[in-house]
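A short write-up of the structure that comes next.
The values are calculated or read from the model by the stated rules, or taken from the named source; none is laboratory data. Not measured: the values here are computed from a predicted model. Please note: Cβ atoms are built from the backbone with ideal geometry, for glycine as well, and neighbour counts cover all protein chains shown. We work out accessible area using only protein heavy atoms, side chains counted, and drop any ligands, DNA or RNA first. Shrake-Rupley method; radii C 1.70, N 1.55, O 1.52, S 1.80 Å.
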Amino acid sequence: MEFDHVLDVRSSVRRYTDEPVSEEDIEKIVTAGEKVPVGHFDFKNYAIAAITNKKVLDLLTEENQALSGRGNPIYGAPLLLLIMNTPEAREDSIKFNAGIMAENMHLKAVDLGLGSICIYSFIRTLNKVEGYGKYFQALHLPEGLKPAMAVAVGHTPMPQRARRFTPRIPAFRIGEE
Ligand SMILES: Cc1cc2nc3c(=O)[nH]c(=O)nc-3n(C[C@H](O)[C@H](O)[C@H](O)COP(=O)(O)O)c2cc1C
């Protein structure tokens, strides 16, 4: 897809079908998450987990619902990309680096014709729980990793349509006098 078209049709998708995302697409999305700039070249302190295990995704939803009283935080998406950092990651840059990784994967999913959404809410809730929650312990990842940000991905019944762009963020242009 042409880059500007990806930006035009990108939106946060909150409806998914059960159709699994192909292994080929999962790999492309993860690779996009790795092709990022990381402040101070701190690559070694980040990791990405591509989770399709339904038991783990259901556990995440149940745990989150019990604590927050809210519905499915990943909207039933069949694929969750969890971005994590180690305790050694530079504290002041974690959210920037994780956010950039998330956006790369979000845009790649759009490029592949998939629905996607960046998600922080369940991480805010479950990171307060011991071990960052049972769902996280069930991943059996190397010791020390902590969830920072997530992206949900899946096939969607929502059509990819360019939306009318409404500027919401003030932007200033300062050139020569
Ligand atoms: C850092 C970040 C965290 C977000 N967390 C959530 C979330 O937890 N749940 C959710 O439904 N949307 C989440 N979103 C999506 C935003 O709500 C969405 O991008 C915004 O409403 C604009 O809509 P659009 O993406 O369709 O343009 C998040 C987006 C960002 C950038």
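Have a look at 168, 124 and point out the one that is open to solvent by 30 Å² or more (accessible area, probe 1.4 Å), in a helix (DSSP H, G or I), within 12 Å of the ligand (Cβ to nearest atom) and free of Cβ contacts under 8 Å to residues at least 12 places away in the same chain.
Checking each option against the conditions leaves just 124.
Would you pick out the residues in the stretch 51-78 that are more than 14 Å from the ligand (Cβ to nearest atom) and hydroxyl-bearing (Ser, Thr, Tyr)?
Correct list: 52 only.
Pull up the stretch 129-141, narrow it to residues that are assigned to a loop (DSSP other than H, G, I, E, B) and either open to solvent by less than 40 Å² (accessible area, probe 1.4 Å) or in contact (Cβ under 8 Å) with a residue 24 or more places away in the chain (or both), then point me to the one that is nearest to the ligand (Cβ to nearest atom).
Selected residue: 133.
Would you point out which residue out of 115, 99, 154 is closer than 21 Å to residue 27 by Cβ and within 12 Å of the ligand (Cβ to nearest atom)?
115
Does residue 9 satisfy being out of contact with any Phe, Trp or Tyr (no Cβ under 6 Å at 6 or more places or on another chain), modelled with pLDDT of 95 or more and either within 12 Å of the ligand (Cβ to nearest atom) or under 23 Å from residue 129 (Cα atoms) (or both)?
On the way: out of contact with any Phe, Trp or Tyr (no Cβ under 6 Å at 6 or more places or on another chain): yes; modelled with pLDDT of 95 or more: yes; either within 12 Å of the ligand (Cβ to nearest atom) or under 23 Å from residue 129 (Cα atoms) (or both): yes.
So residue 9 passes the test.
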